[in-house]
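The values are calculated or read from the model by the stated rules, or taken from the named source; none is laboratory data. A quick note: this is a predicted structure, and the numbers were derived from the prediction, not measured. Note that we place each Cβ from the backbone using ideal geometry, even for glycine, and neighbour counts take in every protein chain shown.
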Amino acid sequence: MNKVLCATAALLATTATVQAGGIERTTQSLSWLFETGSYGEFSYSMVDADVSGVVSFAPSVSSKDMIASHRTVGFAFKTDLNEKFSLGVAYEQPFGADVFYPTGTGYPYAGSHADLNADEIKAVLQYNVDSNWSVYGGLRFQNVKGDVTVLAPGVDYTLDVAMSTKLGYLIGVAYERPEIAMRIALTYNSAIKHEFDATEIGILSTNFETEFPQSVNLEGQTGIAEGTLLMGSVRWVNWSAFDITPDLYSDGAPDGNFGPRSLVDYADDTITYSLGVARSFTDNFAGIATISYEKSNGGFSGNLGPTDGRTSIGLAGRYSVGKATITGGVNYSWIGDAETENAAAPGTTLGDFSDNTALGVGIRVGYTF
């Protein structure tokens, strides 16, 4: 199979992750590590989500669209040191949140917002055991910062979190058969625990810990006919271990009615399934169609993240010219319905969020040296 098709598995990660579990924005894929020779790439994506809900006991009161569009960028470079070792370095923005409830709507959380940004640089060393097997591992340097404002009946709370930089790691193993464009790669990303210095309600200096979750990626591809490639991936993320519990918000106001104990947490882990078929139409152009699924877990979702599961479809194309490749794609998602909890009456529903969607577009430019 020609090169433009063999490399097409990277298309699965071309468009941004659209409202995936937790606050995930990328799949943390290492597909760039398996490019031939010395290779560099730049990627850019944008996601525009339309997420709104209504008060369950007053359906005429809407939150309006409360998730802002966001953009992510990424860079990656790898080179073969010799026949056995390859070295790669990459930058990505794996997690993030940009929530803003518009004012003037009458919705109980109107004016509340949350902004969280995570940047990560990873360095990866790959060892080719033989012509089929390889192992790899590396370090992940992660920066996280953010701020939150919660405005709701009986609640007037702010949180400003200073940047924290912590270290994690990744390890993996891959099996390849180039003659049929087969590759199966299993990658584990460790959890990274941050110790945040924060300012609550503008005056109180506090600190708290939050663990950004561990994850496992299983990615595969294989030729199934001349010029046709089947691809798939399964991604597990340990979101049930993620919890943001600042000291003052946890303890509550003097009357004990500051809100739930955790500012943000998730009851369940997520598993995302993706499947795609790529077809080489010419020696220079290949196209792909994908579908992804993440089940809804039920129960209450947080007021700062009222989504639960998704189903996505995507179309993309990859064009090769000389040593360069240009990949572009679009992804459309149906976001799972969610209910949020009424903090003033625990166990009862505050908001119903349904019929929400998101659109993602992305481009990736790669060059082989």
Failed item in (1) touching a strand residue (DSSP E or B) at 6+ places or on another chain (Cβ under 9 Å); (2) in a loop (DSSP other than H, G, I, E, B), with F77 passing the rest = (2)
So, first residue charged (D, E, K, R) in region 210-228, second residue not in a strand (DSSP E or B), Cβ within less than 6 Å, six or more apart or across chains; the pairs are E211/A191; E211/A241
Filter result for the condition that a residue is out of contact with any helix residue (DSSP H, G or I) (no Cβ under 9 Å at 6 or more places or on another chain) and crowded, with 21+ Cβ neighbours inside 10 Å, over S45, S62, S38 = S45
Identify the single condition in (1) in a loop (DSSP other than H, G, I, E, B); (2) modelled with pLDDT of 95 or more; (3) in contact with an Asp or Glu (Cβ under 7 Å, 6 or more places away or on another chain) that G37 does not satisfy, given that it satisfies every other one.
-> (2)
Complete set of residues in region 49-69 that are over 27 Å from the mean Cα position of the chain (by Cα), among the hydrophobic types (A, V, I, L, M, F, W, C), over 18 Å from G111 (Cα atoms) and not in a loop (DSSP other than H, G, I, E, B) = A58
Please indicate, with yes or no, whether at least one residue in region 164-178 is surrounded by fewer than 14 Cβ atoms within 10 Å (Cβ to Cβ), more than 30 Å from L230 (Cα to Cα) and without any contact (Cβ under 8 Å) to a residue 40 or more places away in the chain.
-> yes
Could you tell me whether S215 is surrounded by 18 or more Cβ atoms within 10 Å (Cβ to Cβ), out of contact with any Leu (no Cβ under 9 Å at 6 or more places or on another chain) and either under 30 Å from H113 (Cβ atoms) or of a type outside the set (S, T, Y) (or both)?
-> yes
When R364 is evaluated against the numbered criteria (1) within 21 Å of the chain's Cα centre (by Cα); (2) surrounded by fewer than 16 Cβ atoms within 10 Å (Cβ to Cβ), which criterion, by number, is the only one it fails?
-> (2)
Which strands (runs of 3 or more DSSP E) does region 154-240 wholly contain that include 1 or more residues that are closer than 30 Å to R279 by Cβ?
-> 155-177, 182-189, 215-225, 228-237
